[in-house]
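Bear in mind these aren't lab numbers, they're just calculated from the coordinates by the rules spelled out. Quantities reported herein were computed from a predicted structural model and do not represent experimental measurements. Neighbour counts run over all protein chains shown; Cβ positions are idealised from the backbone, glycine included.
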Amino acid sequence: MTTLSTLNKFKKDGTKFTCLTCYDSMFARMMNKAEIDTILVGDSLGMVVQGHDSTLPVTVDDMAYHTANIARSNNHALILSDLPFMSYVTLSEAVSNSRKLMQAGAHVIKIEGGSELCELVTTLAQAGTPTCVHLGLTPQSVNVFGGYKIQGRGDEAADKLLADAEAVVAAGAALLVLECVPAELAKAVTQAVAVPVIGIGAGADTDGQVLVMHDMLGMVHGRVPRFVHDFLTDERNSAHSIEGAFALYQQSVRDGSFPQEQHQFS
Ligand code: KIV
C-alpha cells in the first residue's frame, strides 16, 4: 500500500511516481492492478462526470460519495480527495468537511491556494489530516484568473508561487500539486521543498505526475490540453485496453519517458 512515507522515499531516491484522477470503483480496481501509486478523487468530476463547465458546482457530499466508491475497492494507492469550491473558507467548515472526506476513505485532503492556507494546513496536520496544496492554475479560481491560463510566468509571479509553496510546506503540507506552470519554475519548487511535488503541465522534473483519467484515455470534450498524452491509442499499449493504458502510463512516468518537452510550458 502506498503511503506518504512511500512518496517521501520516492522523492529521496529520485523515483518518479504516478497519480490519476478516479471517480469510481471499477476504474480504481484497474488502477490498482496497474500499480498506479496515488489516486486523486478530483473535483474535476464536476466536468468529466457531471457535465458542468467548471468544478464550482461540486459539493462535499459529491466528493464524499466518489471517495467512498474508491476507498471500498482500493488496495494499493494513496487516496487524495479534493475539498470542493467554497467548502474551506472558514476553519470550522474546513475541519468538518475534511472529516467527511477522511471518514469516506481519503488519506490526504487536497486544497487549492497559497500562503493564505497556512493556518488551515497546520490545523489539519495537528488534527491528523495531511494536506496536499494545489498551486499554479487552480481551477476553483477560474473566475479570478479569467480563464484556464498558465500561471507563474514572469519573475514576480514565479517568486510568489515559490514563496507560497515554501510557506505551505513550512505550515505542514505533506504534498504539493503544481498545475500549468513553466517547467523551470516547477523544477525550482520541487528542489526547494522537502515534500513530494506532483505536476500536471509542469514538466518532467516534478517528483510525480498526475493526469485526469478521461484525458489520458483520449476522452476529451473540446480542445486537448498540451500536457495530455493518449495512452489508450499509444502503439505501445499492445492490448489496446484501459488497463494497458494505465500500465503504460505507470511505466512511462517511472522510466521518465512521460512527460516530454512537447507536454510542457516555458
Ligand atoms: O480535480 C482534479 O482533477 C485536479 C487535477 C487536475 C490535479 O485537481
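Of note:
- Value of [θ]222 nm, deg cm²/dmol, for the chain, DSSP H segments ≥ 4, -39500 (n - 2.57) each, nearest 500: -12000 deg cm²/dmol
- Cleavage-rule hits, trypsin sites (Lys or Arg not before Pro), region 78-176, DSSP coil, Cβ neighbours within 10 Å at most 10: Lys149
- GluC sites (Glu not before Pro) restricted to region 167-266 and DSSP loop, no more than 11 other C-beta within 10 Å: Glu235
- Springs join every pair of Cα atoms under 10 Å in this Gaussian network model of the chain, and among His52, His107, His229 the largest mean-square fluctuation is at His52.
- Tensor-based shape of region 129-266 (alpha-carbon gyration tensor, a/c under 1.5 rounded, otherwise prolate or oblate): prolate
- Violating pairs (Cα-Cα greater than 23 angstrom) within the set Lys110/Lys160; Lys110/Lys149; Lys9/Lys187; Lys9/Lys160; Lys100/Lys160: Lys9/Lys160; Lys100/Lys160
- Cβ crowding within 10 Å ranks Phe227, Phe145, Phe10, Phe17 as Phe145, Phe10, Phe227, Phe17, fewest other Cβ atoms first.
- FRET E, pair Ser5, Asp53, Förster distance 41 Å, beta-carbon r, rounded to 0.05: 0.60
- Taken about its Cα centre, the chain carries a charge dipole of about 500 debye when Lys and Arg each add +1 at the Cβ and Asp and Glu each add -1 at the Cβ.
- Extension gain for Thr15-Arg99 works out to 27.1 nm (0.36 nm per residue, less the C-alpha to C-alpha distance).
- The average projected area of the chain, computed from the convex hull of its Cα atoms over all directions, is 12.4 nm².
- Between the beta carbons of Gln191 and Val220, assuming R0 = 41 Å, the FRET efficiency works out to 0.80 to the nearest 0.05.
- On full extension, the segment bounded by Thr122 and Glu261 gains 46.4 nm, given 0.36 nm per residue less the C-alpha separation.
- The residues Asp234, Asp164, when put in order of fewest to most other Cβ atoms within 10 Å, stand as Asp234, Asp164.
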